[in-house]
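The values are calculated or read from the model by the stated rules, or taken from the named source; none is laboratory data. What you see is a predicted model, and the numbers here were worked out from it, not measured in a lab. Every residue, glycine among them, receives a Cβ derived from its backbone with ideal geometry; neighbour counts consider all protein chains shown. Areas reflect the complete protein model, heavy atoms only, side chains present, ligands, DNA and RNA absent. Shrake-Rupley method; radii C 1.70, N 1.55, O 1.52, S 1.80 Å.
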Amino acid sequence: MKGREYHYFADGNTAKGSYSLFDINFSELDKVFILKGGPGNGKSFLIKNIAKVFNEQGYDVEYIHCSSDADALDGVIISTAKIAIVDGTAPHILEPKVAGVVEEYVNLGIAWNQKRLVAQKDKIKHLIEQKETNYAKAYDAFSKALSIHDEWESIYITNMDYEKLDGLTEELKERFFLDIELNKEANVRHRFLGAATPKGAIDFVPNLTEGLRKRYFLKGRPGSGKSTLLKKLAETAESKGFDVEIYHCGFDPNSLDMLIFRELGMAIFDSTAPHEYFPSREGDEIIDLYHIAITPATDEIYEKQISDIASRYREKMNEGTANLAEAKEIHEKLRRIYIDATDFNIVENIQNDITSTISKMLK
């Protein structure tokens, strides 16, 4: 029987620049294969193939997608076996905990034809510089978009009834956790709900919440207290010993977008654009913070100002996305150079060696 699949991002192209949560997701594993090598020498393909083998054998697998190309993988965790394979190149370079014991470096660079690469050295350097320039432009656009978003939030913050928000938070704490205190330390994992990609915002909410008995959809406006509420619920869960998956905002990593309590079969998440969903099955419930805690008619009173802010915000977000798309086009040119210089028979042999090693560990 095939194991479960979980899909998420562990790094992001954010308003704070390239932001990684890799270390915390790989910190408690027994074995981590860290792949070294350049673009186009088969890291993502190798990771996908190995993950498929063990997922089909019944192991639960976490698929960690690349924020710069959501179709590619940065890593997988065979969670029921506490084993991972991860792309160990920038920007997600892992700090080894027990190098040589837990972490094992795998050099895919041995598959390169060095002469071909040396002949393209100047072109490679130029493309890398171009790609880095486009990422810098994207991060600058996202940073400016965040400043505009702060203007948007300030409207609703000044019209917030904090007593009602606090009352709702306490009500949810009681509803979720009752008076239960678990006699264990909470397992807390930090990930990203979604990511700003060259194709726009992408998330895996339906996959991550599949099979949960209860889903709470937080509705509201920017600044209506969604992230604050989630942070307080996460703190309470951890203090009571409940395991919690904390999903950060792919645009602003200081903000939270979703919590999953798998022991309770429950999720609560920000269900507004760009990850807007609506109830679709039994157990789904909307919590509308705008109607609960914001002064009535705030939308109407500030309609013109909000429209202007929203327009400027979209413009900067679109600019950032366009820069990411340009960076990806340049990256594809780099990949083609490395693909032409790679002996994929060697890569396949490395893949088979890793698969064999993991199989022996699992016996």
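Taken over region 1-86, lysine pairs spaced eight or more positions apart, or on distinct chains, with alpha carbons under 19 Å apart number 11. Under 10 Å, Cα contacts only: if you run a Gaussian network model on the chain, which one of G167, G200, G12 comes out with the highest mean-square fluctuation? It is G167. Put simply, the Cα atoms of the chain extend 68, 49, 34 Å along their principal axes, the longest span coming first. The residues neighbouring N113, those whose beta-carbon lies less than 11 Å from its own, together hold a net charge of 0 under the Lys/Arg +1, Asp/Glu -1 convention.
I'd like the orientation of helix 162-177 relative to the chain: the angle between its Cα long axis and the longest Cα principal axis, in ° from 0 to 90, rounded to 10. Compared with the principal axis, the helix lies near 60 degrees.
Working from the Cα coordinates of region 245-334, the gyration tensor eigenvalues give, after taking √(5λ), semi-axes of 29, 25, 11 Å in decreasing order. The lysine pair count for region 181-245, using Cα distances under 25 Å and pairs eight or more places apart or on different chains, is 14.
For S271, the shell of other residues with beta-carbons less than 15 Å away shows a net charge of -1, using +1 for Lys and Arg and -1 for Asp and Glu. The long axis of helix 43-56 is offset from the longest Cα principal axis of the chain by roughly 70 degrees.
Label sites at A186 and E235, each approximated as a point 7 angstrom past Cα along Cα to Cβ, lie 1.1 nm apart. Per-residue ellipticity at 222 nm from helix content only, as computed over the chain with -39500 (n - 2.57) for each DSSP H run of at least four residues, stands at -14500 deg cm²/dmol. Compared with the dominant principal axis of the Cα atoms in the chain, helix 121-157 is inclined by about 10°.
Taking the Cα centre of the chain as origin and assigning +1 to Lys and Arg Cβ atoms and -1 to Asp and Glu Cβ atoms, the resulting dipole is close to 1380 debye. Using a 1.4 Å probe on the protein heavy atoms only, what accessible surface does H126 show? Give it in Å² to the nearest 10. For H126, solvent-accessible area is about 100 Å².
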